[in-house]
Amino acid sequence: MKLFIASLLLILLLRLPAALAEDLTVRVHNLPPEGSLVLQVYSDPDTFADFRNPVREQRYRIRPGGSYVISGVPAGEVAVLAYLDENDNRTLDKNFMGIPRESLGLSNNYQPKGPPSFQQAAISVAPGRTEPVDIHLYEVLGDSGQWGVGVGVIGRSSPYLGSDTEVIQAIPVVTYFGERLQWIGPALRYGVLGSDRLRLAVTANYRVGAYEESDAEILEGLGDRDSTVLGGVALIYEGPAGTEFDLRYQHDLLDRFGGGTASASVSRGFQFGRLRLVPQLGVNWLSSDMADYDFGVPDSAAIPGRPAYAVGSSYTIEAGVGGMFELTERWRVTVSVALENLDSEITDSPIVDEDYVVKGFGALTYSF
């Protein structure tokens, strides 16, 4: 009897995967007359967001009719990706920005302008499902890339003694995603060498001014600290499990203070429905010129209660999170906020009262 029960359980276990798996018929439209077609199935929102680690993948030579079958699809909520493997290298080729450059299509005819939302592409696979999935291929960047426009705000908190004024600026926002260029509001980078996994890029971003002397009594006579543009180079590596490592150096292009900053950071994206969150942790180095411009007191401006203070090169630790919420395929909200912890070189300054700065950016954009 024990042997019979054990044999029965073994048979049921062997049959279980088949009971939980279905064959899914996919009709692919806009196919060329020949070439290689890859069909992938995803059940994890995180891996679907950057098209890695599908639960099923099947390859076909393109044939008349455009109807194909994916076998062994797990029951439940899944998303389907179809793409043309134009060079038969068995991978979805991406550009310097990590954007697919080969024609693709998603279930539900979903055509996002940013990282795809699993929720928007998801279909239900149940035992006995017979209706096919229709997918229309398209080029993500089109002929001239993706442009977007919108409005945004950029700002930072004030760590200065007696100041309760936050530095906030409303700005117009332009976005662009191309073969090598990525432009999102105040930040821009252009891929120079490498691939979607490891690349060298030229970078630039707008840096909001630290303060105006009218922000606090302790700052009077020091002059305003103007906004500037930082530019430099970055080495970006797309690591395992969706992690990104970023090393960069940027210099003051407008010569407001003549210094620069270097940083090293790691980040990873997580998908929650239409919301994508990207936590980030990094360390920053500020040159003495840059740190002194924001937090120093020159000899000529020393007064009782505010002695002269020269800030040397400094390090800060920064932790933050970026977020993007897809309102529709074309409208999205982008937000990033970070807390930067200041080291003792900065906090020992007579004009500094806090040991941290909160920085942020937010925008509402429309892509076309």
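We did not get these values from a lab; they are worked out from the coordinates using the rules stated. Remember, it's a predicted structure, so these values are computed and weren't measured experimentally. Positions of Cβ are backbone-derived with ideal geometry, glycine not excepted, and every protein chain shown enters the neighbour counts.
State, in angstrom, two size descriptors of the stretch 146-367 derived from its alpha carbons: Rg to one decimal place and Dmax to the nearest whole number.
18.4, 59
Using amide H atoms built 1.01 Å from N in the peptide plane, name the residues 5+ places from Leu254, or on other chains, whose amide H lies under 5 Å from its own.
Here the answer is Val229, since their amide H atoms fall under 5 Å of that of Leu254.
Sort His251, His29 so the one with the fewest other Cβ atoms within 10 Å of its own Cβ comes first.
Values: His251 17, His29 13.
Exposure proxy ranking, most exposed first: His29, His251.
For the chain, what is the relative contact order in percent, using Cα pairs closer than 8 Å and at least 6 residues apart in sequence? Write down the numbers at each step before the final one.
Numbers: 936 pairs, mean separation 48.6, N = 368.
About 13 percent, as a whole number.
By per-residue mean of other Cβ atoms within 10 Å, what is the highest-first order of 302-308, 133-139?
Working: 302-308: 11.9, 133-139: 18.0.
Final packing ranking: 133-139, 302-308.
Is the stretch 326-368 rounded, prolate or oblate when judged by the Cα gyration tensor, a ≥ b ≥ c being the square roots of its eigenvalues, rounded requiring a/c under 1.5 and prolate requiring a/b larger than b/c? Display every interim value, and only then the final one.
Details: a/c = 6.07, a/b = 4.87, b/c = 1.25.
Verdict is prolate for the stretch 326-368.
Against the empirical 2.2 N^0.38 Å scaling, what ratio does the C-alpha Rg of the stretch 89-218 come to? Could you put the intermediate results ahead of the total?
Working: Rg = 21.6 Å, N = 130, 2.2 N^0.38 = 14.0 Å.
That works out to 1.54 for the stretch 89-218.
Using the count of nearby Cβ atoms within 10 Å as a rough guide to exposure, how do Asp224, Asp88 rank from fewest to most?
Values: Asp224 13, Asp88 9.
By the 10 Å Cβ count, ascending, the order reads Asp88, Asp224.
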